[in-house]
Amino acid sequence: MKIPLSWLKDYIDIDLSLEDLARTLTMVGLEVEEISVIGLPFTGSSDHQEFKFTGLAWDPEKFIVAQIDEVMPHPDADRLTLCRLHDGTREWIVLTGAPNLFPYKGTGTLATPLKVAYAREGAILYDGHKPGYELTKLKRTKIRGVESFSMVCSEKELGISEEHEGVIILDPDAPTGIPLADYMGDAVFEVAILPNMIRDASLVGVARELSAVTGKPLKVPTRTTDASGPKIDALAAIQINDPDLNPRFVLGLVQSLEPKPSPYWVQRRLRLAGMRPINSIVDATNYVMLETGEPLHAFDYDVLVQRAGGTTPTIITRAATHGETLITLDNVERKLDQHTILVCDTAGPLSLAGIMGGLESEVTETTRNVLLEGASWNFINVRRTSSRLHLSSEAGYRFGRGVHPALASWAVDLGLERMAAWSGGSIAAGLVDNYPQPPVDPLVSISVQDVERKLGVTISAQEIAEILTRLEFLCNVSGDSVEAQTPPLRLDIGEGVIGKADLIEEIARIYSYNNIPETNLADELPPQRNNLELANEEKIKDILAGLGLQEVITYRLTSVERETRAYLQGQFLDPENYVRLLNPIAPERSVMRQSLLASVLEVLERNARIRERLAFFEIGPVFIQELDNHLPNEPRKLVIGISGKRAIPTWNQKDSGNLDFYDLKGVLGSLLEKLHLQAVSYQPSQHPSMHPGKTAQILVGQTLIGVLGELHPRVKQNYDFLAPAVYVAEIDLEALLPLIPLRFESQPVSVFPPVLEDIAIIVDEDIPADQVEALIRQTGGKLLADVRLFDVYRGDRIGAGKKSLAYSMTYQAQDHTIESGESTALRNKIVRRLERELGAVLRDN
Amino acid sequence: MSEQPIILIELEQTKQKALSLLAEIQDEEPLQAWRREYLGKTSVVMSAFSSIGQQPKEFRPQVGQVANQVKQALEASLEERAKIVSETALTRKITGERVDVTLPGRQPNAGGLHPQTLVLRRIFTIFAEMGFQVYRSRDVESDEYNFELLNIPAHHPARDMWDTFHIDQPGVVLRTHTSPGQIRVMREQAPHPIRVILPGMCYRYEQISARSEIQFNQVEVLAVGKNITFGDMKGTLNGFVRRLFNADVRTRLRPSYFPFTEPSAEMDVECFVCAGKGCSVCKGSGWLEILGCGIVHPTVLKNGGYDPEVYSGFAAGMGPERISMLLHKIEDIRYFWGNDARFLEQF
């Protein structure tokens, strides 16, 4: 909401600088987002800014209120005039082309001098001849032989409006010679209104908050003009069908008026507040809405009489029936439902209650009698209707957040007065006021201790009462306790314990958050717990990053099509199991993912042309909707994807080949080892995304924790990958994490020298390598400190269907030096066992 | 008496000659040649030993003695010379050796963590030291937990604060904030005191742009107990912010509105990009919005199983992506889930 400073001053005295005022408003909950100055100087220190300033400040030395005493013709140019101008110090001849000075041209010394805004040489102002707002500096120049160095300003040149047709003519009582900023400088505060402070979407509301903080009295405007017309009772009637929808409806009447342009000061205020002046009737309703926060609506009374067949019109408020329509004043036919509240008469709907008027009964240039509505509406219905119709309006904005019904009569009275003042006409006596359902304005009891318990600061009962009183609560102090009666202007105060919290917020705001001391938590510490799942996930991330993989975090929103790409044709995930959005922003983000694998493949694809070596992992949930379950399962997964070069070739290290199955297996092996998992094994397996001959399942003991393998070449074709094969692993963290031991034991380090020996054995091709190694380890027992496979050979020298496995063995004992006899015996024992159980042959070359 | 054997003269001459030659030797190879020549099997000295038997008897001890002296003298000098030669050789070697230090190094394949993992860890660590532990909860939530139990009834104006993704099942949404975790943790822990932080991915129906995302992390802070005040909230959050940014960053707390806290506040920190002078990052205001907070609303406490007349608490919520963007001058929020290696590798 835009708050013009000059207008705000109608309701409260303000002696704060712009910056102090903005800070005060912000600290009371009215955050100032921007201060737009019109002439007033920027304040605050230059090295620390607290608010965004825009606009043009008028240098008090350069912009002066001056008077034109005579407008003389220019000797050589018909469209220019020469003004004899006095700036309070001396007389100048100033050149202008302003059309609104022509009527005075050549009329000699003016009986009443024209007061104008005068800019001296060197003044910085907006260039009136250029589009937009471009700053320029007034320089000495010659126009048609006449020297010019200063000027009489238009609104645009001063940054007041876009008006550049003529110069501003000030009121005759403007004091010549004073700085222009002192006379008419202004500033507009752009204030953000919180949802629970809709009462402050009004100048009086903002002034009330300021009054509460500064202690300066609030000047509430009230109607002072007496009615001069007939009594309204016989001229209009109200029928409320459902008080829950419409707790109050107030009507007033102005007769024999005539719409015209509002006075300049009214138009200026509306413009500064961000509204377009229309005519003196509409402007009065908008003006009072901005002033009070109560939206008003003006009906053309004669249209209503005509619709009532010449009789007294009766306003009826009711819920719309489903499918009912109304053409709103923006000339759009609106289809309504049963949540819409309608203002009708006996002939049918007139307007969308609380949102927008109807076209037919709108005031026009020919309107002569106005029936003025001030009402109160169920905010939920208003909100539902404006959001369903995508129809936002100033009225809907306020009513949709709740306006207290008590404001209606006050605002209608002010509206009638202003309308009559600006449009002529006479006000009918009295109001038609139907108020079937006044809201409860809670009485809340709050103590010094209540406030202390929540805020941590002791505020006396007197001070509490004073703060609340300034906010118009009626307070009664008794000991440490204050009874506060909520004023009939706000709907945000509850009862009982909630009411207390509401009042504590009011007290904290006005007392100022800044004045509440900062303390450290001194309350009892809760029972301390580990979050093992999180700790282990973070550990896994660290290990994988240490192994050269980059973590990614992807969208959890995807589409069925995107995930189907990650699977062989016909093997996609169960479409029934997707968590589907009702209102996706785009088809490609319409379900929650079931496959983390698909997410990581997308990352690989995206980076395929960016990096030659791709190595990524992600940890996160997938979402599986189970039909019998209200909320989906969200199991957590780890997916690793690698592809491309093993190492990036450098100037002295050429191609080291492409990443393959065993690179990925090695990463997983290191990971599981660092997690201290025992009995890890790999078995050939199948997976709907993977190569049937290059896939393994990973077991820890008997528990399946995941799979790894080469992405199936047919699945790979679904992506924009380069030639190298892609390897992926999918780990079920729900299975893995519980297996990670809380503690593990270390092994002592032997002080005795090791004996190193290599052996190569030939076995049948189909004997798995891990079976050979397991047998070696088992037979070697404690003395076999380490076994490492360092070569696998297939070829003519050992015959078809065979493979040679070469192991590097380390024999070492904890308690003695192994002599050659002992190691030979152990070696022979191992070889014999391999021969016996696997049909292995020791390779001797 | 026999004449003095010629070998004694030869030994003396050889010694003189050998020592003078040795003094000239600079390199290892001539040194070895010298050793073969003067200390080898066929050298004069070694031959002298083997010739002792053929010398006149009375001279035999003398020949042996002299030969020994010469041998020792030569060996001592050789050792000394060898040291000089190897020192010289090493010096020469070092002088000749040089790498081009400007050639690129061989970098191991370094992996890395996602920037948001890193920033979340920073947040976790700071709060852990204040006794706050991490509590995670689900992404797909019921309307009841996401809104109703948090004092946001259907059609309440506060619902405008969240543009919600709805699931095709009635009453199910993608959580718009991690606040539903507040209710879950309270219902688990009541009536024990609580100090937790609730991190997690949240979702809002927005058009994706440089400034807004449909998916974003949030971290909530929740403390509940019998003796927790607005002052404690200020102290805790200021402590956090000072540790996250720097020790003397200025902060301000201004009134705000959230349905689940009352009083509510927004915490701003002085813009550290421009030191409060006003810049594009703080949009000229000199302040950066960093988190929202407030005293837990009595309705929420009650819904969590705590008597609002006895217990109180505070809650706060912050956006780790915003924090990263500020800390690392990231100007497009889409980078986070875009996962371009060129972005990720910078962290």
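Readers should treat all values here as calculations from the given coordinates under stated rules, not as data from a laboratory. Worth saying up front: this structure is predicted, and the values here are computed from it rather than measured. Positions of Cβ are generated from backbone atoms using ideal geometry, with glycine treated the same way; all protein chains shown enter the neighbour counts.
Before moving on, here are some points about what is shown:
- Region A:547-592: relative contact order as a whole-number percent, Cα under 8 Å and 6+ apart: 47 percent
- Inter-part distance where region A:354-396 and region B:192-211 are each reduced to a Cα centre, Å: 38 Å
- Multiplying each eigenvalue of the alpha-carbon gyration tensor of region A:402-543 by 5 and taking the square root yields semi-axes of 47, 24, 15 Å, largest first, rounded to whole angstroms.
- Within the same chain, lysines fewer than 8 places from A:Lys500 are excluded, and of the rest, those with a Cα less than 18 Å from its Cα are A:Lys454, B:Lys226, B:Lys302.
- Mean ellipticity per residue at 222 nm, deg cm²/dmol - from DSSP H runs of n ≥ 4 across chain A, formula -39500 (n - 2.57): -7500 deg cm²/dmol
- Average partner coverage of B:333-346, which counts Cβ from other chains inside 10 Å: 4
- Across peptide B:309-316, the mean count of Cβ atoms from other chains lying within 10 Å of each residue's own Cβ comes to 2.
- Taking the DSSP beta bridges with both ends in chain A, the antiparallel portion is around 90 percent.
- Intensity falloff of region A:796-845 expressed as log10 I(q)/I(0), Debye formula with alpha-carbon point scatterers, at q = 0.22, 0.26, 0.27 Å⁻¹: -0.92, -1.11, -1.15
- Quotient of the Cα radius of gyration of region A:673-791 and 2.2 N^0.38 Å, N being its number of residues: 1.37.
- Rotationally averaged projected area of region A:234-331 (alpha carbon convex hull; nm²): 8.4 nm²
- Within region A:375-526: Cβ-based charge dipole about Cα centre, in debye rounded to nearest 20 (Lys, Arg +1; Asp, Glu -1): 860 debye
- Amide H contacts under 5 Å for B:Val172: B:Asp143, B:Ile167, restricted to partners 5 or more places along the chain or on a different chain, H placed in the peptide plane at 1.01 Å from N.
- Computed over chain B, the per-residue total of -39500 (n - 2.57) for DSSP H runs of n ≥ 4 gives a 222 nm mean residue ellipticity of -13000 deg cm²/dmol, rounded to 500.
- Using the alpha carbons alone, the radius of gyration of region A:501-639 stands to its Kirkwood radius in an Rg to Rh ratio of 1.17.
- Exposure proxy for B:Tyr203, A:Tyr511, A:Tyr126: other Cβ atoms within 10 Å of each Cβ, ordered fewest to most, give A:Tyr511, A:Tyr126, B:Tyr203.
- Counted charge near A:Asp76, where neighbours are those whose Cβ lies closer than 15 Å (Asp, Glu -1; Lys, Arg +1): +2
- C-alpha center-to-center spacing [region A:664-679, region A:781-845] in angstrom: 24 Å
- Cα principal axis extents for chain A, largest first, Å: 131, 75, 61
- For region A:708-845, the Cβ-based charge dipole about the Cα centre amounts to some 300 debye (Lys, Arg positive; Asp, Glu negative; other atoms uncharged).
- Length added when fully stretched, A:Lys137-A:Tyr662, from 0.36 nm per residue minus Cα-Cα: 181.6 nm
- Region A:733-845: Cα Rg divided by the 2.2 N^0.38 Å rule of thumb: 1.26
- For chain B, the equivalent ellipsoid derived from the Cα gyration tensor has semi-axes of 92, 23, 19 Å, listed largest first.
- Mean per-residue shielding of peptide A:453-462 is 4, counting Cβ atoms of other chains within 10 Å of each Cβ.
- Each eigenvalue of the Cα gyration tensor of region A:132-196, multiplied by 5 and square-rooted, gives one semi-axis; in descending order these are 31, 17, 11 Å.
- Computed on region A:449-496, with alpha-carbon pairs under 8 angstrom and 6+ residues apart, the relative contact order is 25 percent.
- Computed over region B:1-64, the percent of Cα pairs more than 18 Å apart is 42.
- Taking GluC sites (Glu not before Pro) across region A:109-198, the ones in a DSSP loop with at most 16 further Cβ atoms lying within 10 angstrom of their Cβ are A:Glu121, A:Glu134, A:Glu162, A:Glu163, A:Glu165.
- Pairs beyond 30 Å (Cα-Cα), from A:Lys637/A:Lys694; A:Lys62/A:Lys216; A:Lys62/B:Lys277; A:Lys637/A:Lys802: A:Lys62/A:Lys216; A:Lys637/A:Lys802
- Crossing angle, helix A:18-27 versus chain A [Cα axis fit, 0-90 degrees, rounded to tens]: 60 degrees
- Remark: A:Val728, A:Val332, A:Val772 ranked as A:Val332, A:Val772, A:Val728, counting other beta-carbon atoms within 10 Å and listing the fewest first.
- Summed side-chain charge close to A:Gly546 - residues other than A:Gly546 whose Cβ falls under 13 Å, Lys, Arg +1, Asp, Glu -1: -1
- Percent RCO, i.e. relative contact order, over chain A, from Cα pairs under 8 Å lying at least 6 residues apart: 8 percent
- Exposure proxy shown here: for A:Trp92, A:Trp651, A:Trp7, the number of other Cβ atoms within 10 Å sets the order, fewest to most, as A:Trp651, A:Trp92, A:Trp7.
- 0 to 90° range, to nearest 10: angle between helix A:407-423 axis and chain A longest Cα axis: 50 degrees
- Angle between chain A longest axis and helix A:496-511 axis [Cα atoms, degrees, rounded to 10]: 70 degrees
- Pairs of alpha carbons in region A:1-110 separated by more than 24 Å make up 50% of all such pairs.
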